[in-house]
Structures are given as C-alpha cells and as structure tokens.
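Engineer: Before I ask anything, here is the structure I am working with.
The values are calculated or read from the model by the stated rules, or taken from the named source; none is laboratory data. Note that the coordinates shown come from a computational prediction; the quantities given were computed from them, not determined experimentally. Here the Cβ positions follow ideal geometry from the backbone for every residue, glycine too, while neighbour counts run over all protein chains shown. Remember, those area values only see protein heavy atoms, side chains included, never the ligands or the DNA or RNA. Shrake-Rupley method; radii C 1.70, N 1.55, O 1.52, S 1.80 Å.
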Amino acid sequence: AQFIPLLQNRTVLLKINDFVSSPQSNKFQAIEEVLLDLMNEDRYRDEIRTLFYKLGYVAFYEKKLRSRNIIIRASAVDKLGKMLSEPSVGKLIEMLKTKNTETIAVTVRALSKIKSTEALKGILDHLPTLLHEPLIAQKAMNTALTSFGVSAVPPLIEYGRKHSDPRILSSILEVLSNTSADSAVCLFAVEHIKHSDADIRAKALKVLGNVDTESIAFEQNLVLPLLEDPVWFVRLQAVRALGNLHYRKAIDFMGGLLLDQNWQVRDAAATALTKFGNDSIDIFLKILKYRDLYAKESICEEIEKTNFSSMLIENLASENREIQAKSREILHVMHSLHFSTPLREYLKRRKNEAIGQEIRLLINEGSEA
Amino acid sequence: MNEIVIALILLFNYFVGVHYGVVNLVYSILLTIALFVILRHIKRIKYSPIKDFSYSPETPPITLIIPAYNEKNVIIQTVESALSMNYPFFDVIIINDGSDDGTLETLIKTFKLNKIDVVYRNILKTAPVKGFYYNADIPHLMVIDKERRGKADALNCGINASRSPYFCSVDADSVLENDALIRLMAPVMESTVPVVACGGVVRILNGVKVEEGVVKEIELPKSSLAMFQIVEYLRAFLFGRVGWNFMDAILILSGTFSLFHKASVIAVGGYHVKHVSEDMEMIVKLHRFHLKNKKPYKIKFISDPICWSEVPESLKMLGRQRRRWHLGLIQSIVEHRRLILNPKYGKLGLLIFPYYLFFEMLGPIVELLGYIVVPLSYYFGLLNTDYFLLFLILAIFYGVFLSTIGVFLEEITYRRYPKWSHLFKLLTYGVFENLGYRQINSFWRFQAIIKYLFGRRQWEYIEEKGTNQNNKKK
C-alpha cells in the first residue's frame, strides 16, 4: 500500500531512505517480498529493479554467491534472477562453472529471467559442457532458452551453425519450434532435415510445421522424402508438418502413411489429412478399401476425433454428386466398423432433414448387411 | 528336555531383542536422514522451477489414470479434483472396472458423457472393454467401461488408452492438491538421469473439508482409527520414504498417487494382474529391468506433492487393507526372490531386498510371538527385569519416540494441520499408536502370512462409504 502510490507518481526513489533497513531484518525481508510481488507488473519493473539495487538487495545476494552452502548460493541466485538484476549477470555466469547440478539449474533459470543478451551469451558459451556432462537436464535447459523469447532466435541460430553437437542442435531446434518461424528459422530447419541424427531431423520438421507459408516461401517438397524415413518419429513429424503446411501435393504421399507399421504414424497421417478437407476424400476412400483393419480403424477414429466426420455428413447434401457419393461411401465404411456415433448424434440434432434421411438409409443398409 | 525348551525360549527372546534392535536402528537412520533432507528440501522449494514448468511447452503431457470399482460415493469428487490440476498438458481417464453400484451412470450423468468410438490398442492385454464415454466440452476427460478384473487390469487398460509419455495412477477416493502434478513432474524434468517412477505423499482425507474437488479446510477426523493412520502415514512418508529415497532404495511408491514413465512400464509388461498389491510389484519390476539391462534410471520420492485419500475407519476394513498390503509384499518378494543376496543387483539385492524379507515380511511373526513370549518369559522368571525393560523400550517406547518425532517433523516442515489442538491430538495418538494399534497391525500382517501359506491370495475388497461428511457437491 505504501509503494504503489509512490510508484505511480514515480517518486519512490525520492523516499528511498524510508525503506532502508539492515539486511535480514524483518523489514528487509518484508520489503523484498512486496517488491518481488510488484515485479510481476510491467509498469513498475524498471523502478523496482533500481530499488533493489539502491536498497542493497543486489549487493546482499551477490555476497551470498560466495557461500559454500549450496542452498544459500542457489537461493541467492534465484533471488537475483527474480530481481532481474542485469549488473549481476557476470557473477551469475561464473556460477555456471561449478560442477553442481542444482546451482547450475537455478542459475540458468535466473539468467533466463533476466533475458539480457549477455545472459544468453553466457548460457550458450557454457552449453556444450552443460549438456555434455550432463550438468542440466535438456528439458530444463530448453525451458530456460524458450523463456528468452523471440530476441534469442538470431543468436541461437548463429550458435547452432557453429556447433555440430547433436545435443546442442536438438535443444536449439526444440526451442525454435516453440517460437513463430521466420525466414531465418525456416532456413536453419531446412539445413537440418537431412541430418544424420534422427532426433534432429524430427525437430527440424517440427520447426518447419510452424512456418506460415503465406509469408515465408520454402521448398515444401523437401519434406516429402522424410515421409519414407526409416525412423518412425521422423515420419510422424514429417506428416504432421505437411498437414500444418497444407501442402496439397503431398496428399497422396501422406496417404501411404495410413498403412504405416507404426500406429502413431498412422494416426498422425489421418489427422494431417483431415486438414485438407474434401481434397483428402479420395485417399481416405482408397485406404478404406484395403484389408488392413488397423489402418481403417485409425482413419475412422481420427475422422471422428477431428470432426472431419461433420464435413462428410454435410457433404451428403452437397450439390457436387461426386463429393456426395464419396462422402457417403466413407461414412458407410465407418458405420460398418462401428464408428457410428457422429451419425447418431446428427440424427438427434435433426439439423437438415434431407441429410437425416440419408443417414437413416445408411444405417439401415448397414444393419441389413 | 526342559533345559532345551528353556534354552530355546531364551534364544528366541534374545532373537526378538536383536530383531527390534536392528529395526529400530534402521528407522533411526531413516529418521536422521529424513530430518536433514526434508529441512533442506523445504528451503529448496523456495527456488523450485514449478512456476516456470507450469507454463512451459517442454513440460511433458501426463494422463491421470483412475481405476474405479464401486466408487459411486466418491468418484465425482476425485474427478473434479483431477480436472482442476494446475498443469499445462494432461488428460484424465477413469476406468470403470465392472462396477455394479452405478459408478458409471453417476459419471455419465454428472459430466454429460456420450458414448464414442475409439480404437483400443490392447498393448497390455486386459479384460474386454465395453465402451468409451466422452464429452466434447470436457475434451480431456474420458471414461472407459470394462469388464471387471481388478485394479491392476484397470490400470493396464488406462495405459493402453493413454497417449501421453507419462501417467499418474490415482485412487478413486482421492483428492489431489492443485499443484500436485507439477510438483511431482518438476524433479523428473530436472533430473539428468531418466526418472521412471516418482511418488508423492498421501495424506488422510477423513475429516478434511472438500468443496468441488478442492481441499478447503483441514481438520482431523473424529475416528480414532483414522487418527492412528494419520500418525502412521506421517511416519511412513515423512521419514520412511524420504530416508529410503536418499539412499536410492525406494521399493514402494503408493499406488494412490505415483507418476510413471509409460514406455518403461510397458517394457516390464505393465501391472501384474495376479498381485494384490500391484504398486510394490511395479517398482520392483522397474528396478529389476533397469539393473539387468544396465540402463541408467532413478525411482524417486518427493515429499511436497500431496494427494489426500480416504482410509478405512472400521477395524474390519482396515484389517482387510493391511492383510492385502502384506500379502502383496510377500508375493513380490517371493516372485523376485532371485534378487535376494544377488550381487548382480547391487544395493537392491544385497541390502534392500534382504531387509524387506527378514524385517518387513517375516517381521510380524517375530513381533507377534515376541509380544506373547517375552512377557510370559519374564512372568515365569526366565528373563531378568533389565532385559524385559529393554524389550519394552525397543518394542514400545522407541516406537512412541518415532511416532512423535514423525508428528514433530510434520510440524516443523509442512505444517498442514494448522492448529495447536491438532498437534496435541496427533502427539497423543502418536503415544497410543504403540499401545495396541501397532500390535493389531502385526496380527493382521501375521494373518496375511498364514493366508499366503494356505494359498488364499485374493484381493480383499474395502468398502468406500464416502466417509468425508464435509463434502459439498455441485
């Protein structure tokens, strides 16, 4: 209550002497808690950072970095990160040289909260050692690097081009897959889709799946050969990427994965194909005529889960006879495999009587069969 | 002849003394370790990455698998609690394991579920599935109806249906705290060694006020039996498991609330349907598989994620539960007897498994006979007063000390029972726990041994009455 009016009037620094207290006194801790709480509001952030510095909190916790006790050290690192103390970045980077996994994990998080260029550079300079030994879990590192946001993307790409360690490339690509892909990101991913490491190929494909093809041009047919990759999770990412990219020329190739030996790939292929709307009907029909029951069931399940079935049902009233007939045929197969719920639900809702009649006919045909 | 008999009786008396001495020594070591570890853990929680992970895209998806058999009175509360998790990517699968009390109908009605068509991949072979139920407005909830074959089979069914890399088994009469999942997952994400299983703390729901699946007010139960179990659980979780975890020697994670890496569970063949206590069996299998194949792994216990669960409030039901637990222990030890004193399995084979065999599994025989033979021996002048006092100290008073320390440990760390009256009541029950309650537990565990020897190895069903009277429904 005392702070907010002063922060709003930007007079808090004039009254700073009111808030000075000896370290570790109750007042010191109370003010720290209040200020850390207020840090969550963007509008006061700069003033509060200055306050932390001028009230001696930064100096206090920087001294604690020299403690031999891991918990005291880690606590201090954490506090400096929460205080967004940019002047402390150099000292925090020194913490990355310890071999203690706990200290390193907290330090990486703290640096990712500060988000400065120096902080990112510090992490990247130590990345090979940190991942190689390993002194930090890859997911924890990826979470921290993702926190840096869009501003980290160019340095990450530059760094990725200088290092060939698969672990590093994997982390970088994973982080890039969590950002919106620009042309530089897209180019970097394309450079790695033929990497010898399957994990890197898969992650590069994940990145490419996020590309907005309306604003960024890239050769989407570069992804096609990966639909035949020997590793299942690469095929999975390839089919997902092509689905997200809405690359229509890939429909037939993706259809081949509806018969993949791996069920996750089959499911992903079915889901991806549902994104192409009526353009996928032919390929679904073709595969549904195969004997492979697992493939057929996977298709039916994905058609139902992605609501593609709604489009098929609406097509029963389409003026395009061909589309109507093909949609009917798919629904017939679904019904014969006991995937009838969308049909029954539609009958309950009774939106279009003509469609309702078609559905009843279909269900009766199925019962007679 | 009389001299031989007396000698044997005296030998047995000393054996009882040694047994209690060793057991109390182990518990003391666990307690000492736990004191340090928990106090340090409390400090570490302050800079825990939970908040960062709770909105990170790196946080792996989890499926909460909740097997349910005749849980009509409590299932809605459990599901509401599960759906309210503060976790970025999760789904909930309830498996109705052939209930005949309307559990499925209650779920369908409450959550307005419709039957849907799903491809069920029977990777771990289970009893036939009868249907899947789903509401598009609650997309991360699914109910599976299947034929009854027990909890292990229901869990396997949930694993088959899950699409997440991790699953968390939760009992149907449990309420999870809002951040329980993220607290359970955070150490998994931070570990540089793959964590294949991670357990949290189970606390007693009896007496606790729950509203719409959220714990609102923590009170102690009125039932004495539930109070004894609170003390027992505090001891077991806050120092037993913490201590074992520090030594990397976790052999049991509570099936009420534990996280597993799905692929690892599938690799060991899923849950064993013939075991009455599937949770320990799973942990032993995971240990064995990874040690045998020399794969790096960890099995962890964390003391801050909390699941509140109901406990029996009648002697009959409690007896069933404890017999089942002990029977499960026996089954696991017998099934995996090759581990005992086998150096190929390192610490597990040379220390942990033998401890569980001699002191946990066979312990009830020594304890129960000790409670009878030692006092009688003293009465008939076979033992001197000093020895009898020693027996009392080891068998009873040291147990009082351990129980009360468990309560104090709770008080100085998590302090989930906020009132001073709670502390006094828990301490009182900590004392009395060792004057009857522990002894009857020994008797039930002894019964389990007899049942095992005579081939009666079935699951004893415990009725859930929804005893939490303070629940408020929507």
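Engineer: Kindly state which helices (runs of 4 or more DSSP H) lie completely within region A:61-132 and contain at least 3 residues that are away from every other protein chain (no Cβ under 13 Å). Spell out how you get there, then give the answer.
Structural biologist: Numbers: elements: A:70-82, A:89-95, A:101-114, A:117-132.
Hits in region A:61-132: A:89-95, A:117-132.
Engineer: Of everything in region A:294-316, what is free of Cβ contacts under 8 Å to residues at least 40 places away in the same chain and either away from chain B (no Cβ under 14 Å) or among the aliphatic types (A, V, I, L, M) (or both)? Give them in sequence order.
Structural biologist: Our first condition is that a residue be free of Cβ contacts under 8 Å to residues at least 40 places away in the same chain; within region A:294-316, this holds for A:294-295, A:300-312, A:315.
Listed by number, the residues that qualify are A:295, A:303, A:311, A:312, A:315.
Engineer: Name the single residue that is nearest to the other protein chains (Cβ to nearest Cβ) among those in region A:160-186 being in a helix (DSSP H, G or I) and more than 25 Å from residue A:215 (Cα to Cα).
Structural biologist: Initial filter on region A:160-186 (in a helix (DSSP H, G or I)): A:160-162, A:166-177, A:183-186.
Narrowing further to those that are more than 25 Å from residue A:215 (Cα to Cα): A:162, A:166-171.
Details: A:162: 24, A:166: 17, A:167: 12, A:168: 16, A:169: 16, A:170: 12, A:171: 10 Å.
In this case the residue turns out to be A:171.
Engineer: Something else about it: Among the candidates B:255, B:269, single out the residue that is crowded, with 24+ Cβ neighbours inside 10 Å and part of a loop (DSSP other than H, G, I, E, B). Break it down stepwise before answering.
Structural biologist: Values: B:269 fails: crowded, with 24+ Cβ neighbours inside 10 Å.
Sole residue among the options that is crowded, with 24+ Cβ neighbours inside 10 Å and part of a loop (DSSP other than H, G, I, E, B): B:255.
Engineer: Scan region B:66-75 and give yes if some residue there is surrounded by fewer than 17 Cβ atoms within 10 Å (Cβ to Cβ) and not in a loop (DSSP other than H, G, I, E, B), otherwise no. If you could, list the steps in order and put the result at the bottom.
Structural biologist: Initial filter on region B:66-75 (surrounded by fewer than 17 Cβ atoms within 10 Å (Cβ to Cβ)): none.
The answer is no; no qualifying residue exists.
Engineer: Considering only residues of region B:374-404 that are open to solvent by 40 Å² or more (accessible area, probe 1.4 Å) and in contact (Cβ under 8 Å) with a residue 60 or more places away in the chain, which is nearest to the chain's Cα centre (by Cα)?
Structural biologist: In this case the residue turns out to be B:398.
Engineer: Looking at region B:32-40, is at least one residue of a type outside the set (A, V, I, L, M), at the interface with another protein chain (Cβ under 10 Å from one of its Cβ atoms) and surrounded by fewer than 15 Cβ atoms within 10 Å (Cβ to Cβ)?
Structural biologist: The first filter runs over region B:32-40 and keeps only residues of a type outside the set (A, V, I, L, M), leaving B:32, B:36, B:40.
Checking which are at the interface with another protein chain (Cβ under 10 Å from one of its Cβ atoms) leaves us with B:40.
In the following step, the residues that additionally are surrounded by fewer than 15 Cβ atoms within 10 Å (Cβ to Cβ) were identified as B:40.
Yes, region B:32-40 contains at least one residue that is of a type outside the set (A, V, I, L, M), at the interface with another protein chain (Cβ under 10 Å from one of its Cβ atoms) and surrounded by fewer than 15 Cβ atoms within 10 Å (Cβ to Cβ).
Engineer: Let me ask something else. Suppose we filter B:238, B:220, B:225, B:184 for residues that are in a loop (DSSP other than H, G, I, E, B), in contact (Cβ under 8 Å) with a residue 40 or more places away in the chain and among the aliphatic types (A, V, I, L, M); which single one remains?
Structural biologist: On the way: B:238 fails: in a loop (DSSP other than H, G, I, E, B); B:225 fails: in a loop (DSSP other than H, G, I, E, B); B:184 fails: in a loop (DSSP other than H, G, I, E, B).
Only one candidate passes the filter, namely B:220.
Engineer: Now for a different question. If you check B:123, B:116, B:45, B:50, which single one turns out to be under 27 Å from residue A:300 (Cα atoms), of a type in the set (A, V, I, L, M), within 14 Å of chain A (Cβ to nearest Cβ) and surrounded by fewer than 18 Cβ atoms within 10 Å (Cβ to Cβ)? Please lay out each step first, then the result.
Structural biologist: Working: B:116 fails: surrounded by fewer than 18 Cβ atoms within 10 Å (Cβ to Cβ); B:45 fails: under 27 Å from residue A:300 (Cα atoms); B:50 fails: under 27 Å from residue A:300 (Cα atoms).
Every option except B:123 fails the conditions.
Engineer: Something else now. Which is more than 25 Å from residue B:406 (Cα to Cα), modelled with pLDDT of 95 or more and of a type in the set (Val, Ile, Thr), of B:214, B:188, B:195? Explain how you work it out, then say what you get.
Structural biologist: Values: B:214 fails: modelled with pLDDT of 95 or more; B:188 fails: modelled with pLDDT of 95 or more.
The match here is B:195.
Engineer: I would also like to ask the following. Among the residues of region B:438-450, is there at least one that is within 20 Å of residue B:30 (Cβ to Cβ), at pLDDT 90 or above and open to solvent by less than 30 Å² (accessible area, probe 1.4 Å)?
Structural biologist: First, the residues of region B:438-450 that are within 20 Å of residue B:30 (Cβ to Cβ): B:438, B:441-442, B:445.
Add one more test, that the residue is at pLDDT 90 or above, and what stays is B:438, B:441-442, B:445.
Now narrow it down to the ones that are open to solvent by less than 30 Å² (accessible area, probe 1.4 Å): B:441-442.
Checked region B:438-450: at least one residue is within 20 Å of residue B:30 (Cβ to Cβ), at pLDDT 90 or above and open to solvent by less than 30 Å² (accessible area, probe 1.4 Å).
Engineer: A further question follows. If you take the residues of region B:313-355 that are among the polar types (S, T, N, Q) and within 30 Å of residue B:220 (Cβ to Cβ), which of them is surrounded by the most Cβ atoms within 10 Å (Cβ to Cβ)?
Structural biologist: Here the residue is B:321.
Engineer: Please indicate, with yes or no, whether at least one residue in region A:331-341 is touching a residue at least 12 places away in the same chain (Cβ under 8 Å), at the interface with chain B (Cβ under 9 Å from one of its Cβ atoms), part of a helix (DSSP H, G or I) and surrounded by fewer than 23 Cβ atoms within 10 Å (Cβ to Cβ). So that I can check it myself, show each step before the final result.
Structural biologist: Filtering region A:331-341 for residues touching a residue at least 12 places away in the same chain (Cβ under 8 Å) gives A:331-337, A:339-341.
Still in the running and at the interface with chain B (Cβ under 9 Å from one of its Cβ atoms): A:334, A:337, A:339-341.
In the following step, the residues that additionally are part of a helix (DSSP H, G or I) were identified as A:334, A:341.
This time we only want the ones that are surrounded by fewer than 23 Cβ atoms within 10 Å (Cβ to Cβ), so: A:341.
Within region A:331-341, one or more residues are touching a residue at least 12 places away in the same chain (Cβ under 8 Å), at the interface with chain B (Cβ under 9 Å from one of its Cβ atoms), part of a helix (DSSP H, G or I) and surrounded by fewer than 23 Cβ atoms within 10 Å (Cβ to Cβ).
Engineer: Identify the residue in region A:136-155 that is assigned to a loop (DSSP other than H, G, I, E, B) and within 20 Å of residue A:199 (Cβ to Cβ) and, among all such residues, is farthest from the other protein chains (Cβ to nearest Cβ).
Structural biologist: If we filter region A:136-155 for residues that are assigned to a loop (DSSP other than H, G, I, E, B), which is where we start, we get A:136-137, A:148-149.
Within this subset, residues satisfying the condition of being within 20 Å of residue A:199 (Cβ to Cβ) are A:136-137.
Details: A:136: 7, A:137: 5 Å.
In this case the residue turns out to be A:136.
Engineer: When region A:34-64 is examined, which residues are found to be among the polar types (S, T, N, Q) and either in contact (Cβ under 8 Å) with a residue 24 or more places away in the chain or closer than 17 Å to residue A:76 by Cβ (or both)?
Structural biologist: Taking region A:34-64 first, the residues among the polar types (S, T, N, Q) are A:40, A:50.
Once the filter is applied, which keeps residues that are among the polar types (S, T, N, Q) and either in contact (Cβ under 8 Å) with a residue 24 or more places away in the chain or closer than 17 Å to residue A:76 by Cβ (or both), region A:34-64 yields only A:50.
Engineer: Moving on to the next point. Residue B:78 is checked against (1) assigned to a helix (DSSP H, G or I); (2) of a type in the set (Val, Ile, Thr); (3) surrounded by fewer than 21 Cβ atoms within 10 Å (Cβ to Cβ); (4) away from chain A (no Cβ under 13 Å) and fails just one. What number does that condition carry?
Structural biologist: Among (1) assigned to a helix (DSSP H, G or I); (2) of a type in the set (Val, Ile, Thr); (3) surrounded by fewer than 21 Cβ atoms within 10 Å (Cβ to Cβ); (4) away from chain A (no Cβ under 13 Å), the lone unmet condition for residue B:78 is (3).
Engineer: So how many residues does region A:162-203 have that are among the hydroxyl-bearing types (Ser, Thr, Tyr), within 18 Å of residue A:134 (Cα to Cα) and open to solvent by 50 Å² or more (accessible area, probe 1.4 Å)?
Structural biologist: Number of matching residues: 1.
Engineer: Ok, one more. What single numbered condition from (1) open to solvent by 10 Å² or more (accessible area, probe 1.4 Å); (2) of a type in the set (Ser, Thr, Tyr); (3) in contact with a Leu (Cβ under 7 Å, 6 or more places away or on another chain) fails to hold for residue B:191?
Structural biologist: Here residue B:191 clears every test but (3).
Engineer: Filter region B:291-312 for residues that are buried (at least 18 other Cβ atoms within 10 Å of the Cβ) and closer than 29 Å to residue B:452 by Cα; which is farthest from the chain's Cα centre (by Cα)?
Structural biologist: B:291
Engineer: Please pick out the residue among B:144, B:159 that is touching a strand residue (DSSP E or B) at 6+ places or on another chain (Cβ under 9 Å), away from chain A (no Cβ under 14 Å) and part of a strand (DSSP E or B).
Structural biologist: Values: B:159 fails: part of a strand (DSSP E or B).
Every option except B:144 fails the conditions.
Engineer: Which numbered condition trips up residue A:122, out of (1) at pLDDT 95 or above; (2) within 16 Å of residue A:32 (Cβ to Cβ)?
Structural biologist: Residue A:122 satisfies all of (1) at pLDDT 95 or above; (2) within 16 Å of residue A:32 (Cβ to Cβ) except (2).
Engineer: In region B:100-113, what residues are more than 14 Å from chain A (Cβ to nearest Cβ), out of contact with any Lys or Arg (no Cβ under 6 Å at 6 or more places or on another chain) and in contact (Cβ under 8 Å) with a residue 24 or more places away in the chain?
Structural biologist: Across region B:100-113, the qualifying residues are B:100, B:104, B:107, B:108, B:110, B:111.
Engineer: Then there is this: Only one of these is more than 14 Å from chain B (Cβ to nearest Cβ) and either within 27 Å of residue B:120 (Cβ to Cβ) or open to solvent by less than 40 Å² (accessible area, probe 1.4 Å) (or both): A:321, A:291, A:350, A:344. Name it. Write out each step before concluding.
Structural biologist: Working: A:321 fails: either within 27 Å of residue B:120 (Cβ to Cβ) or open to solvent by less than 40 Å² (accessible area, probe 1.4 Å) (or both); A:350 fails: either within 27 Å of residue B:120 (Cβ to Cβ) or open to solvent by less than 40 Å² (accessible area, probe 1.4 Å) (or both); A:344 fails: more than 14 Å from chain B (Cβ to nearest Cβ).
When all the criteria are applied, what remains is A:291.
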